[in-house]
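The numbers here are math on the coordinates, done by the rules we state, and not lab data. Keep in mind that what you see is a predicted model, and the values were worked out from it rather than measured. Because the Cβ atoms are built from the backbone with ideal geometry, glycine has one as well, and the counts that use them run over all protein chains shown.
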Amino acid sequence: KMAAAVRQDLAQLMNSSGSHKDLAGKYRQILEKAIQLSGVEQLEALKAFVEAMVNENVSLVISRQLLTDFCTHLPSLPDSTAKEIYHFTLEKIQPRVISFEEQVASIRQHLASIYEKEEDWRNAAQVLVGIPLETGQKQYNVDYKLETYLKIARLYLEDDDPVQAEAYINRASLLQNESTNEQLQIHYKVCYARVLDYRRKFIEAAQRYNELSYKSIVHETERLEALKHALHCTILASAGQQRSRMLATLFKDERCQQLAAYGILEKMYLDRIIRGNQLQEFAAMLMPHQKATTADGSSILDRAVIEHNLLSASKLYNNITFEELGALLEIPAAKAEKIASQMITEGRMNGFIDQIDGIVHFETREALPTWDKQIQSLCFQVNNLLEKISQTAPEWTAQAMEAQMAQ
């Protein structure tokens, strides 16, 4: 049996003396021989090699060097064999893990990539969590730690566990300012936006996605994808000032006109009431976690649109009965009252509720801010026109500007 021969060679070598260089060379020959085998023989021979390397009779200088070589060979083996060997090695190294931190980290990275290939996201994440990035003797560089935390967060997201993903993105947050690797910075921003999105922190996610959509290092199609996510998250966010600001930002971004959800953005920005049948197309574009239901049984989208419609109604009416409000929002009167009350309490809508008469009174906004908004919008459109004219007729624009200055 070839595996038995390898075991015998290892036993002889462990009891022999010689320089580190000579011994390392001989161990390397045995490793090469074990790698050349196949099937069960190969598995047994490699296990014997691991047992020899973690034996305290072998000098650490040799065993570290040989285990590093051993790790470089394993990715070329079939995944099922490599996986068994990785687990066996981790188990055998465990009592002396402090002596082999670098090799353990390498094994865990390889093992995680096998699990990832198999789409076993949770096991892949947990294998990486086992790398002692903060507590070990070895000092890992910032980029390695940041990349590993981001990978763990991404794997937990794939496994639909945004709570664990958030824990690891928070660890990455502490490191990202120390890294100068621009690509890693982008990965961090994408991952953080996705975590916020999965955690239903939609307005914060929208802000992150929107920021990514302006990064020149990101490919143009991915920038547009980020903008699309920003728009979807803004539509799903709870109504209020933050969301209104984000709607305005996106509405003024000409790129949004290319997006399928632009029609809903326009209606929301212009404070128009949105009807249920207008939402079906948009609902189909959402990701599974965005289609989840809230505590009262309605979907996240339903809830966001009801709140939007309520805010729009507050700009149309001075007051309205719960019955009429329910009919307007296409929901029961009691639900309309509950949502209006919550929005007023949270300061997301101005008004008060008269329980006795069953009426919600909306506090009227002053006309001036509305006019300001309209004037601002007009100036913005005029400015856009001027920019387009200057792009197509730069010489004429320059002459017109000079003539204006001369007056």
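Select, from T135, T81, the only residue that is out of contact with any strand residue (DSSP E or B) (no Cβ under 7 Å at 6 or more places or on another chain), outside any helix (DSSP H, G or I) and among the hydroxyl-bearing types (S, T, Y).
Going through T135, T81 in turn, just one is out of contact with any strand residue (DSSP E or B) (no Cβ under 7 Å at 6 or more places or on another chain), outside any helix (DSSP H, G or I) and among the hydroxyl-bearing types (S, T, Y): T135.
Please determine whether any residue of the range 311-325 is surrounded by 14 or more Cβ atoms within 10 Å (Cβ to Cβ), out of contact with any His (no Cβ under 6 Å at 6 or more places or on another chain) and more than 20 Å from D354 (Cα to Cα).
No; the residues of the range 311-325 include none that is surrounded by 14 or more Cβ atoms within 10 Å (Cβ to Cβ), out of contact with any His (no Cβ under 6 Å at 6 or more places or on another chain) and more than 20 Å from D354 (Cα to Cα).
Would you mind stating whether S238 is of a type in the set (S, T, Y) and not in a helix (DSSP H, G or I)?
yes
Could you say whether any residue in the range 184-204 is farther than 27 Å from A295 by Cα and outside any helix (DSSP H, G or I)?
Looking for residues that are farther than 27 Å from A295 by Cα and outside any helix (DSSP H, G or I), one finds none in the range 184-204, hence no.
I need the full set of residues from the range 149-199 which are under 20 Å from L227 (Cβ atoms) and of a type in the set (K, R), in order please.
Within the range 149-199, K189, R194 meet the criteria.
Could you list all residues from the range 168-180 that are more than 14 Å from A193 (Cα to Cα) and either hydrophobic (A, V, I, L, M, F, W, C) or part of a helix (DSSP H, G or I) (or both)?
R171, L174, L175, Q176, listed by residue number.
Assuming T148 fulfils every condition listed in (1) buried (at least 22 other Cβ atoms within 10 Å of the Cβ); (2) under 12 Å from the mean Cα position of the chain (by Cα); (3) among the β-branched types (V, I, T) apart from one, which condition is it?
(2)
Among the residues of the range 61-102, what is the count of those that are closer than 20 Å to Y140 by Cβ and surrounded by fewer than 13 Cβ atoms within 10 Å (Cβ to Cβ)?
Total satisfying the criteria: 3.
Hey, among the residues in the range 51-60 that are farther than 15 Å from E32 by Cβ and not hydroxyl-bearing (S, T, Y), which one's surrounded by the fewest Cβ atoms within 10 Å (Cβ to Cβ)?
N57
Do we find that L279 is in contact (Cβ under 8 Å) with a residue 24 or more places away in the chain, crowded, with 19+ Cβ neighbours inside 10 Å and more than 23 Å from the chain's Cα centre (by Cα) in this structure?
For L279, the condition - in contact (Cβ under 8 Å) with a residue 24 or more places away in the chain, crowded, with 19+ Cβ neighbours inside 10 Å and more than 23 Å from the chain's Cα centre (by Cα) - is not met.
With N210, N170 as the choices, which residue is farther than 24 Å from A125 by Cβ and out of contact with any Lys or Arg (no Cβ under 6 Å at 6 or more places or on another chain)?
After applying the criteria, what remains is N210.
Say we look at the range 338-354 and pick out the residues that are of a type in the set (D, E, K, R) and free of Cβ contacts under 8 Å to residues at least 60 places away in the same chain; which of these is farthest from N318 (Cα to Cα)?
K338
Checking the conditions here, which among L224, L250 is touching a residue at least 40 places away in the same chain (Cβ under 8 Å) and either surrounded by fewer than 23 Cβ atoms within 10 Å (Cβ to Cβ) or touching a helix residue (DSSP H, G or I) at 6+ places or on another chain (Cβ under 6 Å) (or both)?
From the options L224, L250, the qualifying one is L250.
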